Amino acid sequence: MRASLSLAALAGAVAAAPCAQAQEAGDGSIVVTASRTGADAQVAVADRAAIARRQPASLLEVLDALPGVRAFPTGGPAGGSFLSIRGGEPNFTAVMLDGVRLNDPTNSAGGAFDFALLDPLLVERVEVSRVAASPIHGSDALSGVVHIVTRDPAGPGVRVGGQGWLDSRYGGAASASVSGGWEGGGLTVAGAGYRSGDGDPAGALDRTQAFARARQSIGSFRLSALGLHAETRGTGFPEDSGGPLLASIRTREARKGYLTLAALSLTRAPGAAVRPSLSLAWSRQRAESSAPAIAPGVLDGVPATTSDTRFTRIEAIGSLAADLGPLTLSAGGTVLREDGRSRGTLDFGFPVPVAFALRRVTYSGFGEATLRIAGGVTLTGAARYDTLDAGSGNWTGGGHLRWEVVPGGPRLFAHVASGYKRPSLYALSHPLIGNPALASETGRSVDVGVELPLPGGQASVALFDNRFRNLIDFDPVEFRLVNRDTVGTRGGEGALLLALGGGWSGAGTITYLALDSATPLRGRPRWNGSLRLTWESGPWRAEAALRGNSGFDDSAIPTGARITPGHAEADAGLRYRLRDRLALRLMLRNLGDNRSWNAVGTPRPGRSLRLSLVLD
């Protein structure tokens, strides 16, 4: 759903994060991001080292450094999350945690996920598939997938870990974990907390999180369990109000968020010829908000609102994979139940109650085949059918070609896939603007590229072309949400990771994006990227990083449509390893104190010094 209007224009710079293939989890189970057959699938990866370098308050900081990804909070630490893959809408990305879906279809963002709920300190890595993944994951994966993988229980014995940071202006965070391993199994229990402090005029955020993950081998099978509970409390200016610099009404919105999930999975070891897999996941999300009115400006004002949304999801997945010589097959099915309800008010001088409730059940069947043939060629095809219990269904499919020209040499790839996204429960059921007749948003994505191994590194280039149809937008004449827009995005990405000798290494990425849209698309620069230079010797490691983007279209009620200028921002860091597992890190963030805007009237965090201690 189009959360807001805007047209992405200019942009430029460089980012740092190499591309990699989907990985196997530490407990031996397969992390399904882009393939169920273990096919080599191009995904961008932010690993544990990248997260530790940044010591971020939100995973959005890490995601924004990946090629093809644009990610930032829309209004201070407690603001919403903007995440666009190759120009797609934020709610076109399926977000998963260890295979558990996280998108919330009861919110006004059309099903996007609030990344403020997750603590980066407990994450092992983040994988991003940048093509339509509906043939693998169904609805929501219209632009791609963000798969967050948590840390695996340690090996035999007991292991204690922890990390924390303090910022000279922007609060601090801390986490602690205890892992225990035994023959064939292990358990990790962890907790984390974050407090942004009062240094950001855009607002403040407090977050607490508890997490547990366990595994146990049972013969040739592995049983895994996951549990997580997170809470956030924050304040900030309402979206499109103009933020701390331009909002006429200075009262802040109060926000609370809750996420609880539990999951079980039983899988056979990856080396087995026949591999059945079963998983069951349950999650519950709740969001509470009390927002002041937004005064009229160039655009009409918005009345004060309150909302309390609750959403529960249960998903069961069963699949069977088998190796038949050079051919790997996978097939299975899914049952997904979603229950959402919302209640609140709009203040027109008197409170007008606004409430809805909706339940839907989706039944899915899927299949995938990967053929590895002579000459280093791999062919993969996938198909999926999703149908609601009411009878409406969607077919999606995709194909992937990969050719390793010579062993250890250049790798060429091409990918085409279709995708779709069902209307959110909010879009279907909201009593004022909802439309139960909305159709699914659909699309197709194509990309081609090459990966080139280099001495001590790798280079990659990809070209992409996406087309999205039936986009959901608000029609002021009908005063409801309708299907109408078609949007195209195309462009290219480059990534480089290189060892320079003498302890020096460099990395960088760059993304170019061109848009074909009748209305402006907000927050999407034409160019963005980053560079990173690293020196390491013994226990010492020093880094310098530069990232930036060109200008982009945006809008707010005080200003109307506008072009926000681009920006460039530099960081520098120094790490000293005190012992094998203990490291001290000092980071100077935003060296030039660049206060440009990601959202109208909301400046970026300014220059600060961040001190962190990591026991890994």
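Quick notes on this one:
- Per-residue Cβ neighbour counts within 10 Å put 211, 311 in the sequence 311, 211, beginning with the fewest.
- In the chain, the convex hull through the Cα atoms has an average projected area of 24.9 nm², a quarter of its surface area.
- Span from the the range 353-369 Cα centroid across to the the range 553-609 one, whole angstrom: 38
- Our note on the geometry: Cα centres of the range 141-171 and the range 403-469, 26 Å apart.
- Its alpha carbons considered, the range 496-553 gives a radius of gyration followed by a Dmax of 16.6, 55 Å.
- Ordering 302, 335 from the fewest to the most neighbouring beta carbons within 10 Å gives 335, 302.
- Cβ-placed point charges (K, R +1; D, E -1), dipole of the chain about Cα centre in debye, nearest 20: 640
- Pair-distance distribution of the range 114-252: all C-alpha pairs, bin width 10 Å, starting at 0; shares per bin in whole percent are 10, 27, 29, 23, 7, 2, 0.
- Net length available on complete extension from residue 588 to residue 607 is 6.1 nm, with 0.36 nm assigned per residue and the Cα-Cα distance removed.
- Given 10 as the ceiling on other Cβ atoms within 10 Å, longest exposed-site-free region of the chain for GluC sites (Glu not before Pro) in DSSP loops: 184-477
- Sequence-ordered 3J(HN,Hα) estimates for the range 353-363 from the Karplus curve with 6.51, -1.76 and 1.60 and θ = phi - 60° stand at x, 10, 8, 7, 8, 8, 10, 9, 10, 10, 10 Hz, glycine and proline given as x.
- Mean residue ellipticity (222 nm) of the chain, computed from DSSP H runs ≥ 4 via -39,500 (n - 2.57), nearest 500: -1000 deg cm²/dmol
- Working note: Cα atoms of the range 51-173, range along each principal axis, descending, whole Å: 40, 40, 29.
- Residue-count net charge about residue 601 - beta-carbon cut-off 15 Å; Lys, Arg +1, Asp, Glu -1: +1
- Cut-off under 5 Å, modelled amide H: who pairs with residue 124 long-range: 149, 150, 151
- All distinct Cα pairs of the range 197-353 go into the 1/r average, and the inverse of that average, the Kirkwood radius, is 19.6 Å.
- Alpha carbon centroid spacing (whole Å) that separates the range 284-315 from the range 197-239: 22
A short reminder: the numbers here are calculations on the coordinates, not readings from a lab. Note that the structure is a prediction, hence the values are computed from the model and not measured. No Cβ is skipped: glycine too gets one built from the backbone with ideal geometry, and neighbour counts run over all protein chains shown.
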